[in-house]
Amino acid sequence: FLETTAYFCMKPKMGEKEVSPHSFFSIWHEFSSDFKDFWKKENKLILQERVKEAEEVCRQKKGKSPYNIKPKHDSGIVS
């Protein structure tokens, strides 16, 4: 724990000799919950962009027909 607090340059609060686990993890909890919220929002935006791109590709493919349809000519007994 002490190595972790030293790595993140945590300083003890006024009147305390060492950083308490409660103060460290309260800050860590706020950071991690904010990070999770931003992560979800960013993933949602990326997903929306990918859906829009996929819809555009589908629209372009529907516009171009891979085969040609020729008009039917009258033939046979009736003609």
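The values are calculated or read from the model by the stated rules, or taken from the named source; none is laboratory data. None of these values were measured; they are calculated from a predicted model. Because the Cβ atoms are built from the backbone with ideal geometry, glycine has one as well, and the counts that use them run over all protein chains shown. Quick note on the areas: whole protein, heavy atoms, side chains included, nothing else; ligands and nucleic acids left out. Shrake-Rupley method; radii C 1.70, N 1.55, O 1.52, S 1.80 Å.
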Subject >> Which listed residue is modelled with pLDDT of 85 or more and in contact with a helix residue (DSSP H, G or I) (Cβ under 8 Å, 6 or more places away or on another chain), from Phe31, Phe24 >> reply: Phe24
**OP:** Mind listing whichever residues of segment 1-21 are assigned to a helix (DSSP H, G or I) and surrounded by 10 or more Cβ atoms within 10 Å (Cβ to Cβ)?
**Re:** Thr4, Thr5, Ala6, Pro21
Subject >> Among (1) in a helix (DSSP H, G or I); (2) open to solvent by 90 Å² or more (accessible area, probe 1.4 Å), the one test that Phe24 misses >> reply: (2)
**OP:** Sort out which residues of segment 43-68 are open to solvent by 100 Å² or more (accessible area, probe 1.4 Å) and among the acidic types (Asp, Glu), and write them in order of number.
**Re:** Glu49, Glu53
